[in-house]
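Beneath this line is the structure, given in structure tokens, with notes to follow.
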Amino acid sequence: MSTKQSAQCAFFTKAALLTACIAGLIMAGTVCLTAQITERPRPAEWSRLVEGGRFIDRFLPMPPGHLSKEVWGAEGVVPRYVDNGIENDSISFWGGNILQGEDGKYHLFVCGWPENSLKGHHEWSNSTVFHAIGDRLSGPFTVKNTIGRGHNPEAFRLQDGRYVLYVIDGRYVSDQMDGQWTYSQFEFDPRGRRIVEGLTNLTFARREDGSFLMVCRGGGIWISETGLSPYRQLTDRRVYPPVEGNFEDPVVWRDHVQYHLIVNDWLGRIAYYLRSKDGIHWVVDPGEAYLPGISKHEDGYVEDWFKYERIKVYQDEYGRAVQANFAVIDVLKNDDKGSDNHSSKNITIPLNPGLLLTVLDTEPITPATQTIRVKIAAEKGFHPHTDVDVASLRFGASTEVNFGRGAKALRSEKSGDDLIVTFDAAGNGITADEFAPKLLGRTPGGKLLYGYARLPYVNYLEPYLSALAPLFTPRTDGFDLSIEVRNFGQVASYEASLDLTAEKDGKTITVGTGTVPALQPYEKTHVWLSSRPVFEKGEEYAFKITVRSSDREVSTFDFKTVPLK
């Protein structure tokens, strides 16, 4: 049995057990270990979040469409907009994202399987990837052709203009969306790190230099120089929230300010939202990223889909997420049988994209700062002179603004079509580590305004030096060690220091310190260390490599090995 088949069998077995637990159908003598739904307790502080503090607050009503009752589905999803996203009585759709083509149309790459399959929803492992097309971003989408076999697709474009379509365990590449797609596989180099929860459900974001950042299902961070060249792992642990959860369905994207990441706790049916300056180091924002119940109509009616999974986002010219796509199902997956009244589809929900903000002060914001000036840019459909309630605005660190605190607006002035707001800096909460302060407020009509801004004095492109485990070469009076270090940043590095320590029985041993020379992006070197004979034969030690530049910790790597066999 292949690795892929093993994973699919494991998933099927677990899913079957989970649903049986829910339904109370476990036969005598079988232990119910878990369930497909659980209630995650929310942190107490989440109850103090103001509107706009959660990612979920950015979901807008679904655009009006053809509302129909003559459709499959449980009571909660009837009636619904049948021209939203893609649905078909004969196909159960799942996953997928949208790219706009040079033809001006919207191209949805989505997977699916015959609705009448004997396995019902569990036919997912035999998915076909469909290329669908639509005139509107919200749909409807109509299948144009098929790409090939595969599940959980995510399409993206390379720096050289080619298209890549990721599927579990493989990829398709084409010069054109309507062209010939060639199947192959990615190469992965874990670099001695533990691969967290396997290499499935991958998601990708193109960096400024055309390289790609990838997040795997388990929350590991990987980098490829081209998007097709080998992906190399940087982290040795997940970047997700430090909570108990069954995480899957990550989606990562980069806009003109920062990186964004949403990951779904499928068991708890709750998703989390994270932000990052570089895609490597992440902060978790409080509150739910999404929950069941977000597919609302203008009149307040909710299409009550049972589960929302496989979120993907469509980005505008600034990289802002303006629409979310979801795979949705109307019942428990095990209750979706072949040729029944249940199925799944891909839906679209618009998102509030946020404002275009510029911090005008070039000096670092410190406790001594008196005022902060922020420009709110005008854009199509938004006129800050009339569409901003200045008195409602708060600006500063998300840790303050999300809870209704932060710097308050003192005054405003027009700058052409734009608006410049001066804030009293008191209470802004911005620290030396801040990379994207936030604005929250309302329009005069009470609609949500929000946005993030870069700080003019922050360096957003930095080198990132990452080391491999050393190669130990014994000698009569100790060891020679060779440690490979590579710069995964998009700019050249400066000279840095490298420290290697070992721990055994609670005692820390300083093995050696070396110098990492300046490296160009993706360039690698070897740092050579010499060590005294401090290791006992056959004993395992816990090692830590720390790379520092200008007294700042750049990266660490923890691993265990037996130096002297």
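Taking into account only those residues within region 375-407 that are assigned to a loop (DSSP other than H, G, I, E, B) and touching a Pro at 6+ places or on another chain (Cβ under 7 Å), which is farthest from LEU360 (Cα to Cα)?
Only one residue tops the list, namely ASN402.
Could you tell me how many of the residues in region 294-316 are of a type outside the set (Val, Ile, Thr) and part of a loop (DSSP other than H, G, I, E, B)?
The number of residues fulfilling the criteria is 11.
List the strands (runs of 3 or more DSSP E) inside region 457-565, counting only whole elements, that have at least 2 residues being aliphatic (A, V, I, L, M).
465-467, 478-487, 496-504, 507-516, 524-531, 541-549
Taking interchain pairs and intrachain pairs at least six residues apart, which have beta carbon atoms under 7 angstrom, with the first residue in region 236-258 and among the aliphatic types (A, V, I, L, M) and the second assigned to a loop (DSSP other than H, G, I, E, B) and open to solvent by 10 Å² or more (accessible area, probe 1.4 Å)?
Once the first residue is among the aliphatic types (A, V, I, L, M) and sits in region 236-258, its partners that are assigned to a loop (DSSP other than H, G, I, E, B) and open to solvent by 10 Å² or more (accessible area, probe 1.4 Å) give VAL257/ARG454.
Given the conditions (1) over 29 Å from the mean Cα position of the chain (by Cα); (2) open to solvent by 90 Å² or more (accessible area, probe 1.4 Å); (3) touching a residue at least 24 places away in the same chain (Cβ under 8 Å), report the number of the one that LYS504 does not fulfil.
Of the numbered conditions (1) over 29 Å from the mean Cα position of the chain (by Cα); (2) open to solvent by 90 Å² or more (accessible area, probe 1.4 Å); (3) touching a residue at least 24 places away in the same chain (Cβ under 8 Å), the odd one out for LYS504 is (2).
Select from region 340-358 the residues that are crowded, with 21+ Cβ neighbours inside 10 Å and assigned to a strand (DSSP E or B) and list them in ascending order.
Those that are crowded, with 21+ Cβ neighbours inside 10 Å and assigned to a strand (DSSP E or B): SER344, LYS345, ASN346, ILE347, THR348, ILE349, LEU357.
What are the residues in region 273-288 that are out of contact with any Ser or Thr (no Cβ under 9 Å at 6 or more places or on another chain), assigned to a strand (DSSP E or B) and within 25 Å of GLU317 (Cα to Cα), if any?
TYR273, LEU274, SER276
State yes or no: is LEU118 over 14 Å from GLY95 (Cα atoms), part of a loop (DSSP other than H, G, I, E, B), touching a Cys at 6+ places or on another chain (Cβ under 9 Å) and open to solvent by 30 Å² or more (accessible area, probe 1.4 Å)?
In short, no.
Name, by its number, the condition in (1) open to solvent by 30 Å² or more (accessible area, probe 1.4 Å); (2) at pLDDT below 95 that does not hold for SER531.
Result: SER531 fails condition (1) only.
Restrict the check to region 44-67 and report whether at least one residue is of a type outside the set (D, E, K, R) and closer than 14 Å to ASP336 by Cβ.
No: zero hits.
Please go through region 233-263 and give me each residue that is at pLDDT below 95 and assigned to a strand (DSSP E or B), ordered by number.
PHE247, GLU248, ASP249, listed by residue number.
Just wondering, is there one or more residues in region 120-132 that are closer than 16 Å to SER174 by Cβ, free of Cβ contacts under 8 Å to residues at least 60 places away in the same chain and of a type in the set (S, T, N, Q)?
No, because not a single residue in region 120-132 is closer than 16 Å to SER174 by Cβ, free of Cβ contacts under 8 Å to residues at least 60 places away in the same chain and of a type in the set (S, T, N, Q).
Just checking, which of VAL554, VAL511, VAL547 is surrounded by 12 or more Cβ atoms within 10 Å (Cβ to Cβ) and free of Cβ contacts under 8 Å to residues at least 60 places away in the same chain?
None of the others qualify; the one that does is VAL511.
Quick test for you: out of LYS447, LYS438, LYS414, pick the one residue that is buried (at least 18 other Cβ atoms within 10 Å of the Cβ), charged (D, E, K, R) and at pLDDT 95 or above.
Going through LYS447, LYS438, LYS414 in turn, just one is buried (at least 18 other Cβ atoms within 10 Å of the Cβ), charged (D, E, K, R) and at pLDDT 95 or above: LYS438.
Return the only residue of LEU291, LEU228 being under 23 Å from GLY451 (Cα atoms), part of a loop (DSSP other than H, G, I, E, B) and open to solvent by 20 Å² or more (accessible area, probe 1.4 Å).
Answer to the selection: LEU291.
Go through region 171-204 and report how many residues are closer than 15 Å to PRO230 by Cβ and among the small types (Gly, Ala, Ser).
The number of residues fulfilling the criteria is 2.
Name the single residue, out of those in region 53-108 being surrounded by 22 or more Cβ atoms within 10 Å (Cβ to Cβ), in contact with an Asp or Glu (Cβ under 7 Å, 6 or more places away or on another chain) and polar (S, T, N, Q), that is nearest to TRP124 (Cα to Cα).
SER92
Report the residue count in region 164-191 for those that are outside any loop (DSSP other than H, G, I, E, B), among the aromatic types (Phe, Trp, Tyr) and within 20 Å of the chain's Cα centre (by Cα).
Of the residues in that region, 2 qualify.
Taking the conditions exactly as written (farther than 29 Å from SER398 by Cα and either open to solvent by 10 Å² or more (accessible area, probe 1.4 Å) or under 12 Å from the mean Cα position of the chain (by Cα) (or both)), does PHE306 satisfy them or not?
Judged against the criteria, PHE306 is a match.
Restricting to region 162-186, and then to whatever is small (Gly, Ala, Ser) and open to solvent by 20 Å² or more (accessible area, probe 1.4 Å), can you tell me which residue is nearest to LEU108 (Cα to Cα)?
GLY179
Matching residues to (1) among the hydrophobic types (A, V, I, L, M, F, W, C); (2) under 22 Å from HIS385 (Cα atoms); (3) without any contact (Cβ under 8 Å) to a residue 60 or more places away in the chain; (4) touching a strand residue (DSSP E or B) at 6+ places or on another chain (Cβ under 7 Å):
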site: ASP418; (1), (2), (3), (4): no, yes, yes, yes
site: THR431; (1), (2), (3), (4): no, no, yes, no
site: ARG442; (1), (2), (3), (4): no, yes, yes, yes
site: TYR450; (1), (2), (3), (4): no, yes, no, yes
site: PRO456; (1), (2), (3), (4): no, no, no, yes
site: PRO463; (1), (2), (3), (4): no, no, no, yes
site: PHE472; (1), (2), (3), (4): yes, no, no, yes
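What's the total number of residues in region 246-267 that are touching an Asp or Glu at 6+ places or on another chain (Cβ under 7 Å), surrounded by fewer than 20 Cβ atoms within 10 Å (Cβ to Cβ) and not hydrophobic (A, V, I, L, M, F, W, C)?
So the count comes out to 1.
Can you pull out every residue in region 317-337 that is under 17 Å from the mean Cα position of the chain (by Cα) and assigned to a loop (DSSP other than H, G, I, E, B)?
Within region 317-337, GLY319, ARG320 qualify.
The values are calculated or read from the model by the stated rules, or taken from the named source; none is laboratory data. Just so it is clear, the model here is predicted, and its values are computed rather than measured. Don't worry about glycine lacking a Cβ; one is built from the backbone with ideal geometry, like all the others, and counts go over all protein chains shown. For the accessible areas, the whole protein counts, side chains as well, though only heavy atoms, and no ligand, DNA or RNA atoms are used. Shrake-Rupley method; radii C 1.70, N 1.55, O 1.52, S 1.80 Å.
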